[in-house]
1. Tell me, which residue of region 65-92 that is assigned to a helix (DSSP H, G or I) and of a type in the set (S, T, N, Q) is surrounded by the most Cβ atoms within 10 Å (Cβ to Cβ)?
2. How many residues are touching a helix residue (DSSP H, G or I) at 6+ places or on another chain (Cβ under 8 Å), more than 25 Å from residue 272 (Cα to Cα) and not in a helix (DSSP H, G or I) if we restrict to region 189-220?
3. Do we have residue 274 as modelled with pLDDT under 95 and within 29 Å of residue 168 (Cβ to Cβ) here?
4. Counting just the residues of region 217-269 that are without any contact (Cβ under 8 Å) to a residue 12 or more places away in the chain and small (Gly, Ala, Ser), which one comes out nearest to residue 292 (Cα to Cα)?
5. Only one of (1) crowded, with 19+ Cβ neighbours inside 10 Å; (2) closer than 18 Å to residue 44 by Cα is not met by residue 254, so which one is it?
6. From the set of residues in region 274-318 that are in a loop (DSSP other than H, G, I, E, B) and among the aliphatic types (A, V, I, L, M), which is farthest from residue 235 (Cα to Cα)?
7. Quick check on this structure: which one of 63, 5, 46, 21 is modelled with pLDDT of 95 or more, over 22 Å from residue 317 (Cα atoms) and either among the acidic types (Asp, Glu) or out of contact with any His (no Cβ under 8 Å at 6 or more places or on another chain) (or both)?
8. Could you say whether any residue in region 120-133 is surrounded by fewer than 22 Cβ atoms within 10 Å (Cβ to Cβ), farther than 25 Å from residue 311 by Cβ, at pLDDT below 95 and among the aromatic types (Phe, Trp, Tyr)?
Amino acid sequence: MPKIDVHAHFLPTDYRQALIDNGHSAPDGFPVLPTWSAPAHLSMMDSLGIGTSMLSISSPGVDFGADKVEWARRVNDTGAKTVQDNPGRFGLFASLPLPDVDASLAEIRYAFDTLKVDGVSMETNYDGIYLGDSRLDPVFAELDRRGAVLFLHPTSPSCWEATSLGYPRPMLEFLLDTTRAVSNMVLNGTLARYPHIRLIVPHAGAALPVLADRLAGVAGLFPVGGQPKGEVDVIATLRRLHYEVGAGWPFPRHIAALLNLVDASQLVFGSDFPFGGAPGIAANINSLIDTDLMQHKEVAGVLRENALQLFPRLQAVP
């Protein structure tokens, strides 16, 4: 049964060189900026039984010191051509030139109406403007109108020099920034106002499974995010989101916490290739298959069937 990978990255040659030219040869302190090609990606997919990978640009996205409007269009065009050249094997989450709202709305129209993308990808924050900030509401309203899939990807917080303790930011800050962004969208009512957006949270929900009851408790006691006390149902909102598992180290403890919060039907598979290597991806797949935390049918859902609910076009892929 071919797996569907919702967390996979591509680094077009021109984009990778632009990252290096603008001081991002070690993005977010990650020691390696991998090379990428569609044939190499397909080889990894074939070796691990992955039928389709949803491509997105990783951190720092298109806001790396050059013209982000230009680079959003360039990577989206390149990604769409990769999808077109490899029918059924790839999908695309479009990049947006946030926090420029007007340019992002224009890119959404182009990406969905012309390129026929499968969704959009957003970083957790843009120059300290976190998802859920009211300044981004027009973008969320348009995505809600389209019933779009939104794949969330972490990036470094603007204060990373003071908080990362000298470690690469993917180790701690990526998970903490994911938690900040989703918490902000939940507590200020963004996800309640735009319920048709289908949000995928990466890395097994980051710290949300552990902090969910704390967030709910505070929201029940005090007004938060401009919402009246008790207005936001934190647990119900978190339970309807989708969570990528597979990237990173979700086994054995992290996924147990996540399954204590959400049903297995909300989980989807991700690899984080090429930042995640094939041996690690294979190990996580085996952990999913071997886990006693889910039934066989539930594991099959994680690896494929649950993603088909988000991307019904893949039903027709042989």
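1. Going through region 65-92, the residues assigned to a helix (DSSP H, G or I) turn out to be 68-85.
From what is left, the residues that are of a type in the set (S, T, N, Q) are 76, 78, 82, 84.
Numbers: 76: 24, 78: 18, 82: 19, 84: 12.
Across region 65-92, the extreme among qualifying residues is 76.
2. Residues in region 189-220 being touching a helix residue (DSSP H, G or I) at 6+ places or on another chain (Cβ under 8 Å), more than 25 Å from residue 272 (Cα to Cα) and not in a helix (DSSP H, G or I): 3 in total.
3. On the way: modelled with pLDDT under 95: no; within 29 Å of residue 168 (Cβ to Cβ): yes.
The answer is no for residue 274.
4. Here the residue is 236.
5. Residue 254 satisfies all of (1) crowded, with 19+ Cβ neighbours inside 10 Å; (2) closer than 18 Å to residue 44 by Cα except (2).
6. First, pick out the residues of region 274-318 that are in a loop (DSSP other than H, G, I, E, B): 274-277, 291-295, 311, 317-318.
This time we only want the ones that are among the aliphatic types (A, V, I, L, M), so: 293-294, 317.
Values: 293: 21, 294: 21, 317: 35 Å.
Among those that are in a loop (DSSP other than H, G, I, E, B) and among the aliphatic types (A, V, I, L, M), it is 317.
7. Values: 63 fails: modelled with pLDDT of 95 or more; 5 fails: over 22 Å from residue 317 (Cα atoms); 46 fails: over 22 Å from residue 317 (Cα atoms).
Result: 21 is the single residue among 63, 5, 46, 21 that is modelled with pLDDT of 95 or more, over 22 Å from residue 317 (Cα atoms) and either among the acidic types (Asp, Glu) or out of contact with any His (no Cβ under 8 Å at 6 or more places or on another chain) (or both).
8. no
The values are calculated or read from the model by the stated rules, or taken from the named source; none is laboratory data. Bear in mind that the values here come from a model prediction, so they are computed numbers and not experimental data. Here the Cβ is made from the backbone with ideal geometry for all residues, glycine too, and neighbour counts use every protein chain on show.
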